[in-house]
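Data first, discussion second: the structure below is written as structure tokens.
Rule-based calculations on the coordinates, nothing more; no lab input. This is a predicted model, so every value here is computed, not measured. Cβ placement follows ideal geometry from the backbone for every residue including glycine, while neighbour counts extend to all protein chains displayed.
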Amino acid sequence: MLARIQDLGAATLTAIGRIGRSSLFLGRLLAGLPLLVKRPGLVIQQLYVIGVLSLVIISVSGVFVGMVLALQGYYTLVDFGAEQSVGTLVALSLTRELGPVVTALLFGGRAGSALTAEIGLMKATDQLSSMEMMAVDPERRVVAPRLLAGFIAMPLLAAIFILLGVGGGYVVATSMLGIDGGAYWSQMQANVSFSDDIANGVIKSLTFGFVATWIAVFEGYDCKPTSEGVSRATTRTVVHTSLAVLGLDFLLTALMFD
Amino acid sequence: MPSSQDNGVLVDVRDLRVARGGRPIFDGVDIQIRRGEVTAVMGPSGTGKTTLLRLIGGQLKPDSGQVVVEGQSVPALSRSRLFRLRRRMGMLFQSGALFTDLTCFENVAFPLREHSGLPERLIRHLVRLKLEAVGLRGAAGLYPAELSGGMARRVALARAIAMDPKLMFYDEPFSGQDPISMGTLVQLIRQLNDALGLTSVVVSHDVKEVATIADRIYMLADGRVVESGTPAELQRSQSAWVRQFMDALPDGPVPFHYPAVSLADDLLGEDSA
Ligand SMILES: Nc1ncnc2c1ncn2[C@@H]1O[C@H](COP(=O)(O)OP(=O)(O)OP(=O)(O)O)[C@@H](O)[C@H]1O
Ligand SMILES: [Mg+2]
């Protein structure tokens, strides 16, 4: 019993230490971001790795989520004779909720885990130390460009996810459910507001992108420099990103809901 | 400031005490590295030779004692001053530590591109010269995974000298080298030191090779400097530590084993548990 309490205390202390270290780490990185203006090439390269290479999974998921939403929405709406609103339902679900959340979860699994493993391996093989001895700060040269690229890529990926989802919903609605294409778009246009719904989604995807990339680079930089350390850090990135995104999603929704 | 600027001492380590993982590694170590000399640090595996280099390079902080380089106390330096000091240092890592997703050429070009601001054409020339010096110009396009261990070490050496440092650290430069490249490397270290006016610190187990190029040898064991002097002085030394190390004797004060309870206790303890 006593041992349990001790374990709990130790785990709490570790967690608090981790939060402290990651905050300091983030502070140093943010302070170094302006320097990247002089090295746009570093960020562009990472945008390619983090953003462009995630496009396939994000696009395919977006299309399928949109198609499923149209089908599921139709079966509920048709009971109320409101099946013409299926476009609104698809667009609102995607912009307010599913677009940012699902993109962030996929982003954590695809790009975040890769970031952690890459940085962790560089640490485990002394590459970061050797960079330091060459008077190159690895936080600025290696980590900061990846962080910035993640901030930029995630909202763009979420936007693509939403657009393709709305498109997928359109295809299903018109070809399988017999909804008029004009009604699909006009209902959507009439009922989705920019200031509420779209802004809502943009705020969420910015926040999730920030948190997901921060977790990924910190776990890589802070990992134990061993094979097991790297593999654990990669797992932690996926788990922590998912939990953080879902928790923040509730918080943001509650705050923005009125 | 400390008196290290006089009498040509470039790196002054005094009364250094460090513990790692709860075990004391250094327990009052004094080392003076003189400008323009090749200083060798020898000692049994696990005595903290790599740790010593990391302390001088500012990657670790001592628990107490001072580490002074060019008159500046390394542990007390701010991050930016430390980085400025490191521009004048070169370190060959024990593991090589090449960037695995860059080719050999780009590895050597890395510090030049980061710091020198030289035009690309000049950088390409410099990189070829450095690779030529270690005999691997032909391997410029290969990735580190495509090199042998000894070759990787030599590329890492080319990268370490790319910025023409004033103070070079070599951590085990000879391990994994065949007799031919070993002889070349030994000469290269000496020539670099003399021709470019460097100060070099060589960590190595290879007693004979080190004795041919070092001006001064420090022998570490058991957390202290057990002997220091010129190679000739060490050859004459009667210290049991030195004799065992120089003559590669199995019996003597240097333990082969990492500290532990006796084997019998260890085995019996397991059975009774
Ligand atoms: N990160 C670490 N945490 C705890 N202890 C460490 C760490 N790194 C090294 N040590 C310990 O410090 C001691 C010295 O290690 P170091 O790598 O400096 O030895 P070395 O003299 O370079 O050995 P070798 O000749 O085998 O390279 C070893 O006993 C090792 O167990
Ligand atoms: Mg070592």
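Below 14 angstrom from the Cβ of B:Gly138, what's the summed charge of the other residues (Lys, Arg +1; Asp, Glu -1)? Within the 14 Å Cβ shell, the charges total +2. Ellipticity at 222 nm from helices only: DSSP H runs of n ≥ 4 in chain A, each -39500 (n - 2.57), divided by the residue count, give -26000 deg cm²/dmol. Between B:Ser73, B:Leu92, B:Ile33, the Cα set farthest toward the positive side of the dipole of segment B:22-135 (charges on each charged residue's Cβ, about the Cα centre) is that of B:Ser73. What is the sum of charges, Lys and Arg at +1 and Asp and Glu at -1, for the other residues whose Cβ falls under 13 Å from the Cβ of B:Glu227? Every neighbour counted, the sum reads +1. In summary, the aspartates and glutamates within cross-link reach of B:Lys166, defined as a Cα separation below 19 angstrom excluding same-chain residues under 8 places away, comprise A:Glu132, B:Asp6, B:Asp12, B:Glu37, B:Glu70, B:Glu114, B:Asp194, B:Asp215.
Peptide B:93-99 has a mean of 5 when you count, residue by residue, the C-beta atoms of other protein chains within 10 Å of its C-beta.
By DSSP, the beta bridges lying fully in the protein assembly as shown are antiparallel in about 55 percent of cases.
Ranking B:Leu263, A:Thr235, B:Leu220 by Cα position along the charge dipole of the protein assembly as shown, where only Lys, Arg, Asp and Glu carry charges on their C-beta atoms, puts B:Leu220 farthest toward the positive end. Peptide A:123-131 has a mean shielding of 6, counted as Cβ atoms of other protein chains within 10 Å of each residue's Cβ. Partner shielding of A:132-145 amounts to 5, given as the average count of beta-carbon atoms from other chains within 10 Å of each residue beta-carbon.
Taking a ≥ b ≥ c as the square roots of the eigenvalues of the Cα gyration tensor, segment A:1-94 is classed as oblate, since a/c reaches at least 1.5 and a/b does not exceed b/c.
Note on chain B: with a GNM built from Cα contacts shorter than 10 Å, the maximum mean-square fluctuation among B:Ala232, B:Ala158, B:Ala221 falls on B:Ala232. Taking 21 Å as the straight-line reach from the Cα of B:Lys208, the lysines in range (excluding those fewer than 8 positions away in the same chain) are B:Lys49. The modelled label-to-label distance between B:Thr100 and A:Arg28, using points 7 Å beyond Cα along the C-beta direction, is 2.3 nm. Summary of the geometry: segment B:115-153 and segment B:66-103, compared by the centres of their Cα atoms, lie 21 Å apart.
Full extension of the chain between B:Asp27 and B:Asp266 yields a length gain of 83.3 nm, computed as 0.36 nm times the residue separation minus the alpha carbon distance. Helices that extend 27 Å or more along their long axis by alpha-carbon positions and average at least 0.0 on the Kyte-Doolittle scale are, among the DSSP H runs of chain A, A:2-32, A:55-77, A:144-175, A:199-222, A:227-256.
For the protein assembly as shown, what Kirkwood radius comes out of the mean inverse Cα-Cα distance, in Å?
About 27.1 Å for the protein assembly as shown.
Per residue, the average separation of C-alpha pairs within less than 8 Å and at least 6 apart gives segment A:34-122 a relative contact order of 29 percent. Of B:Glu233, B:Glu114, B:Glu106, the residue with the greatest mean-square motion in the GNM of chain B, using alpha carbon springs below 10 Å, is B:Glu114. Comparing B:Ser204, B:Ser239, B:Ser80, which has the greatest mean-square fluctuation in the GNM of chain B with Cα pairs linked when under 10 Å apart? Among B:Ser204, B:Ser239, B:Ser80, the largest GNM mean-square fluctuation belongs to B:Ser80. Summarising the amide proton neighbourhood of B:Val41: residues at separation of 5 or more, or on other chains, whose placed amide H is nearer than 5 Å comprise B:Val202, B:Val203, B:Ser204, B:Tyr218. All alpha carbon pair distances within chain B were sorted into 5 Å bins beginning at 0; the resulting P(r) in whole percents reads 1, 5, 12, 15, 17, 16, 13, 9, 6, 3, 2, 1, 0, 0, 0. Rounded, prolate or oblate for segment B:127-273? Axes are the square roots of the Cα gyration tensor eigenvalues, ordered a ≥ b ≥ c, and the cut-off for rounded is a/c under 1.5. Oblate, because a/c is 1.5 or more while a/b does not exceed b/c. Projecting label points 7 angstrom from Cα along Cα→Cβ for A:Leu35 and A:Leu71 puts them 5.2 nm apart. Computed from point charges on the beta carbon alone (+1 for Lys and Arg, -1 for Asp and Glu), the dipole magnitude for the protein assembly as shown about its Cα centre is near 1560 Debye. Adding -39500 (n - 2.57) for every DSSP H run of four residues or longer, then dividing by how many residues chain B holds, sets the calculated 222 nm ellipticity at -11000 deg cm²/dmol. Can you flag which of A:Lys204/B:Lys61; A:Lys38/B:Lys130; A:Lys224/B:Lys61; A:Lys123/B:Lys130; A:Lys38/A:Lys204 are past 31 Å Cα-Cα? A:Lys204/B:Lys61, as the Cα separations exceed 31 Å there. Label-to-label distance for B:Ser73 and A:Leu251 is 4.2 nm, based on points extended 7 Å past Cα in the beta-carbon direction.
About its Cα centre, the dipole of chain A is roughly 920 debye, where the only charges are +1 on Lys and Arg Cβ and -1 on Asp and Glu Cβ. Full extension of the chain between A:Val239 and A:Leu13 yields a length gain of 79.4 nm, computed as 0.36 nm times the residue separation minus the alpha carbon distance.
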